[in-house]
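The values are calculated or read from the model by the stated rules, or taken from the named source; none is laboratory data. Bear in mind that the values here come from a model prediction, so they are computed numbers and not experimental data. Here the Cβ positions follow ideal geometry from the backbone for every residue, glycine too, while neighbour counts run over all protein chains shown. Please note that ligands, DNA and RNA were not included when accessible areas were found on the heavy atoms of the full protein model with its side chains. Shrake-Rupley method; radii C 1.70, N 1.55, O 1.52, S 1.80 Å.
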Amino acid sequence: MGNAVLILLIWLDSRLHSPMYFLLSQLSLIDVALISTTVPKMVTNFFSGKRTISQIGCGAQILFSLTLGISECLLLTLMSYDRYIAICNPLRYSVLMSHTICKQMVIGSWVGGAITSLVHTAYVMHLPICHPREIPHFLCEGMALLKLTCEDISTYVKSVVVSSFLVVLIPLSLILASYFHIFLAVLRMNSLEGKNKALATCFSHLCVVTLYFGPPILVYTRPGSSKTPKINQSLFMFNAILTPMLNPLIYSLRNKDVIAAMKSIMLSRCLLKKVKSHLGCHT
């Protein structure tokens, strides 16, 4: 609901028709889809008592969750680039972050996520399962599913570490580099109001980055992480459910533009109801 409201506000209010909010609406869209890949199935299993999933359903869950997860990594990196241009190079912002470029960024993040996810899902799903078919997880996750196969997967596990480095640590490094330059630019600002506004938008984004990038780093790059399945499941709860739920709260509660847009739309709806009621009384 929070993500849906944020998407609606950005779509309806012309003051939010900027590259930053366009990228934020895409983040909310990914979060809605990410929750939808796991939570409905979990709720169904909980109330029905049948904790089963078909092989096609399992493959689809891996494919969509990986696609959305990697796309969000890339999108968060692009959002940090947007803040870098807005604060460090404001005179060229309209050129470097035009509507066409924003669309290309979003399409690139979706395509990058889909291709990477398709490769991993195809490999995981083609392996035969020769152990009891009970996945030690609350969702279909590639590494958890690999524990059920009887083939040697040591080479693939190494490739997962390498790909995790590419899609997690490299984007995170780019984000940190962007914010290093941003904070240097903020320190040179003379206006206190300008400093506060820049830091407010950056703080919200950094909170989301910390919540989103922290769990995958601990799951996929931590030595011996495969030996702590309970901890891994708890960390996956952040990425699959908690972070998508908290994102709209983090951005809306600290963002004056979003709060103003919400008040404006609510006020216009109230006025419209009063006008309709007034006209109804006269007729």
Kindly list, by first and then second residue, each pair from a residue in segment 21-33 that is closer than 12 Å to L74 by Cα to a residue that is of a type in the set (D, E) and assigned to a helix (DSSP H, G or I), limited to pairs with Cβ atoms under 9 Å and residues at least 6 apart or on different chains. L23/D82; L27/E72; I30/E72
Which of the residues spanning segment 80-130 are among the small types (G, A, S) and exposed (fewer than 14 other Cβ atoms within 10 Å of the Cβ)? S94, S98, A122
Might you let me know whether segment 101-109 holds any residue that is free of Cβ contacts under 8 Å to residues at least 60 places away in the same chain, of a type in the set (K, R) and part of a helix (DSSP H, G or I)? yes
Quick one: T52 ticks every box in (1) farther than 26 Å from A198 by Cβ; (2) among the polar types (S, T, N, Q); (3) open to solvent by 30 Å² or more (accessible area, probe 1.4 Å); (4) not in a loop (DSSP other than H, G, I, E, B) bar one, so which box is it? (4)
Take E151 and tell me if it is closer than 21 Å to F236 by Cβ, of a type in the set (D, E) and at pLDDT below 85. no
It is to be established whether one or more residues within segment 164-185 are part of a loop (DSSP other than H, G, I, E, B), more than 25 Å from the chain's Cα centre (by Cα) and without any contact (Cβ under 8 Å) to a residue 40 or more places away in the chain. no
With the requirement that a residue be in a helix (DSSP H, G or I), open to solvent by 60 Å² or more (accessible area, probe 1.4 Å) and more than 18 Å from N239 (Cα to Cα), what does segment 4-33 give you? V5, L8, W11, L12, S14, R15
Filtering segment 141-163 down to residues that are hydroxyl-bearing (S, T, Y) and either open to solvent by less than 20 Å² (accessible area, probe 1.4 Å) or not in a helix (DSSP H, G or I) (or both) yields T149
Select, from I182, I170, I175, the only residue that is in contact with a Lys or Arg (Cβ under 7 Å, 6 or more places away or on another chain), under 16 Å from L76 (Cβ atoms) and at pLDDT 85 or above. I182
Consider segment 199-230. How many of its residues are open to solvent by 20 Å² or more (accessible area, probe 1.4 Å), β-branched (V, I, T) and either at pLDDT 75 or above or touching a Pro at 6+ places or on another chain (Cβ under 7 Å) (or both)? 2
Output the residues belonging to segment 34-49 that are surrounded by 12 or more Cβ atoms within 10 Å (Cβ to Cβ) and over 21 Å from M1 (Cα atoms). N45
